[in-house]
Structure formats: C-alpha cells, structure tokens
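Take a look at the structure set out below.
The values are calculated or read from the model by the stated rules, or taken from the named source; none is laboratory data. These figures come from a predicted structure and were not determined experimentally. Backbone-built Cβ (ideal geometry, glycine too); neighbour counts: all protein chains shown. Surface accessibility is based on the protein's heavy atoms, side chains included, excluding ligands, DNA and RNA. Shrake-Rupley method; radii C 1.70, N 1.55, O 1.52, S 1.80 Å.
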Amino acid sequence: MELYDVIIIGSGPAGLSAAIYSARSKLKTLVITGRAVGGQAALTAEIENYPGFPEGISGLELTRLMQEQAKKFGAEIQMDEVLSVNLKEHPFTVTTYSGDYQCKALIIATGVSPRKLGVPGEEEFVGRGVSFCATCDGFFYQDREVAVVGGGDSALKEALYLTRFARKVYIIHRRDQFRAEAIIQERARQNERIEFILNSVVTEIVGKEKVEGVKVRNLKTGEESFLKVDGVFVYIGNVPNTSLFQGQIELDEQGYIVTDRAMHTSVPGVFAAGDVQERVLAQVVTAAASGAIAAMEAEKYIAHLEGKEYPGKEWKP
Ligand code: NAP
C-alpha cells in the first residue's frame, strides 16, 4: 500500500490550495479528485470576487489554473472516488475504486452538494428539465422559459447567467427577502428577462417525457397555480459531503465537519478545509485560505510525529 505524507480528498479550491501548499512544502501529496475536478466552483460561470482577476474568471478556468499550480509543485492528482476511510488507525487508510492508500495526515475537502427540493417530479426529471447546474445545462434553453428556485447568491447569479439563453427566467423564492449580495439583487431586479415569484414554493414538477411546468403555492394567500416552464434550476443551498466520515470525526448538527481555527478536526492528523466545514463565509477565497492553513498544519503535525526540528512551528493539537 502506497504511503503518502498527505492525502487530500476533494479537488475544489480548498483541496487544490491545500495541494499547492503541501507539495510546495516537499510533502508527498496525493489529491483524490472526486467525480469531477474543481468541485462546485468549477460549475460557476463567472467568479468576479476572487482577488487578482478584476475582469472575473470562469470557475472552470480558475480551478484548472489551481490544478496546474499544484502539479507544478509535485502533487499527484488522481481522478478517483473515495469509498471509505479508516481514521481509527494511523497511518490513515483511504480506499478508492483504484485501491487503498495510506497517509500520515489527511485533509478533507469534500465540499457540499446541492440540496434537493424533495417534491414530486424532481428526481424523475433530472436531466430532462431539472438541473442543479446552469453552467452545464443553460445552453439547452435558448429562447425558452425556465424557473430558478431559491433566493441566495447561487439562485440569483445563475438566474442572471440563464438570461443569456432563456427569454424568461422566473425566480421562485419562499420569502420576499433575499440572502444574495445586494449587487446581485440589484442586477437581477434590473434584468428585463427576470420575473420574481415571491413568498412561493414549488410543490411539484410536472411533465410527461420532460418538464412542462411547475405547481407553485403562494405561502401568503395559499393560492395554487401552474407555471409553464421548460426547465427548473434548483439553487436552495447545499448539504455537506460528510457521509464517509460519520462516526469517525465530530460533525455538527447539520453534518458539517467541526474544526478549530487551524482546521484541526476531532481526530489528530485529520484536517478539513473549504465548504465541508465553512459556516461563516462560503467563498472561493475562504476555501483557498482554509486549504492553505490545513496543509501547513498537516506539515507541522507530520514534523511533530517524526520528532523533527521545526523551529517556531511546533504542532499544537
Ligand atoms: P444559500 O445562501 O444557503 O441560499 C439558499 C436559498 O434557498 C435561500 O434563499 C433559502 O431561502 C432557499 N431555500 C432553502 N431551502 C429551501 C427549500 N426547501 N425550499 C425553498 N427554498 C429553500 O445557498 P447558495 O445560494 O447556494 O449559497 C451557498 C453559499 O455560497 C453562500 O454562503 C453564498 O454566499 C455562497 N455563494 C457565493 C457566491 C458569490 O458569487 N459571492 C455565489 C454562489 C454562492 P431562505 O432565504 O428563506 O432561507
């Protein structure tokens, strides 16, 4: 079984930033990417608040550059999925489709997945009108009408992106206040292709072969209506990808990994970074920062394990 200094699970901005710092510290580093390289950020059409890119940059390009940078410093990046982990014995074991790997320190950067509405028709029409990714599927809605569900940054930003293709984008939100940044709200309000349906929830996604519309209930009046749309984009927040770690490290009541400010989890030698542990500000910049911290703490932990001199950087659990 191959032994690495650091294994990083996940290849979004947190995982790739951890890989840059870890490999640059000359630690033998393996990134196990998960199903797609780049995580949620890679599915974001435009990132305009990551420092250093005043014109904005696509999430795909930004994460591609991060990957290139990690490889340049010697990180191995493996397209693979983790099936299980054993954090009870050290070195830790990570089991993937391609085999078992061991590591002295583990960095969990598995991120989050889109939350589902849980209404009839949602599962049935995934790929046939129901989508969780405007960047992936928006192109198929040229001159069509679509609904976006949610009132956060993702819903409003992706609704704006969809106006490049769709002639009409309905934003269906359960309240009349938005979580989205003020600048995004303003842009959405000013966009003639966007129409808001507020204080309302989708109760069913309807169609035969593909989506033909949604049933909407107004929460204030109780009124039920049918909205004819060709696509439904669901952006109602996320759930953390932590099922692999249940019972092995401490999770909070919503399933996020509990870390301290230095990204230590409840298991010494296991660190977490990015959205999987972020409860204050889930942004690319904070994910990258926490990945860097996790990698530097992993370096200290390994030095401590091996009894190496590491002036000024001794590992404190
Ligand atoms: P979010 O901020 O958690 O917003 C989720 C939205 O979905 C809220 O409006 C919420 O309504 C609604 N919602 C939740 N459960 C629902 C349900 N069961 N039925 C109907 N509506 C429901 O999620 P997000 O927009 O995906 O953003 C996640 C994080 O990423 C946030 O921290 C966000 O700032 C960040 N982000 C930032 C950017 C950026 O460019 N800066 C872009 C994307 C994401 P309520 O408001 O009523 O709870």
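Search region 72-85 for residues that are acidic (Asp, Glu) and pair each with any residue that is open to solvent by 70 Å² or more (accessible area, probe 1.4 Å) when their beta-carbon atoms are under 7 Å apart and the residues are at least 6 apart or on different chains.
Hits for this filter: Asp80/Tyr97; Asp80/Ser98; Glu81/Arg35; Glu81/Tyr97.
Residue by residue, here is whether (1) in contact with a helix residue (DSSP H, G or I) (Cβ under 6 Å, 6 or more places away or on another chain); (2) of a type outside the set (Val, Ile, Thr) holds:
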| residue | (1), (2) |
| --- | --- |
| Ile107 | yes, no |
| Cys133 | yes, yes |
| Leu162 | yes, yes |
| Val169 | yes, no |
| Arg174 | no, yes |
| Ile184 | yes, no |
| Ala188 | yes, yes |
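Conditions (1) buried (at least 19 other Cβ atoms within 10 Å of the Cβ); (2) touching a Phe, Trp or Tyr at 6+ places or on another chain (Cβ under 6 Å), marked per residue:
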| site | (1), (2) |
| --- | --- |
| Phe73 | no, no |
| Leu87 | yes, no |
| Tyr97 | no, no |
| Gln102 | no, no |
| Ser113 | no, no |
| Glu124 | no, no |
| Ser131 | yes, yes |
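For Asp275, all conditions in the list (1) touching a residue at least 60 places away in the same chain (Cβ under 8 Å); (2) more than 16 Å from the ligand (Cβ to nearest atom); (3) charged (D, E, K, R) hold save one; what is the number of the exception?
Just one mismatch for Asp275, condition (2).
Inspect all residues belonging to region 112-121 and state whether any of them is without any contact (Cβ under 8 Å) to a residue 60 or more places away in the chain and either out of contact with any helix residue (DSSP H, G or I) (no Cβ under 7 Å at 6 or more places or on another chain) or assigned by TED's automatic domain parsing to the domain that holds Gly12 (or both).
Of region 112-121, the ones without any contact (Cβ under 8 Å) to a residue 60 or more places away in the chain are 118.
This time we only want the ones that are either out of contact with any helix residue (DSSP H, G or I) (no Cβ under 7 Å at 6 or more places or on another chain) or assigned by TED's automatic domain parsing to the domain that holds Gly12 (or both), so: 118.
Yes, region 112-121 has at least one match.
In region 279-306, which residues are within 16 Å of the ligand (Cβ to nearest atom), in a helix (DSSP H, G or I) and of a type in the set (Val, Ile, Thr)?
Val284, Val285, Thr286
One line per residue, one yes/no per condition, for (1) over 23 Å from the mean Cα position of the chain (by Cα); (2) more than 12 Å from the ligand (Cβ to nearest atom); (3) open to solvent by less than 30 Å² (accessible area, probe 1.4 Å):
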residue	(1), (2), (3)
Pro91	yes, yes, no
Ile108	no, yes, yes
Val119	no, no, yes
Gly127	no, yes, no
Ser154	no, no, no
Leu162	no, yes, yes
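If you go through region 166-177 one residue at a time, how many are part of a loop (DSSP other than H, G, I, E, B) and open to solvent by less than 30 Å² (accessible area, probe 1.4 Å)?
2
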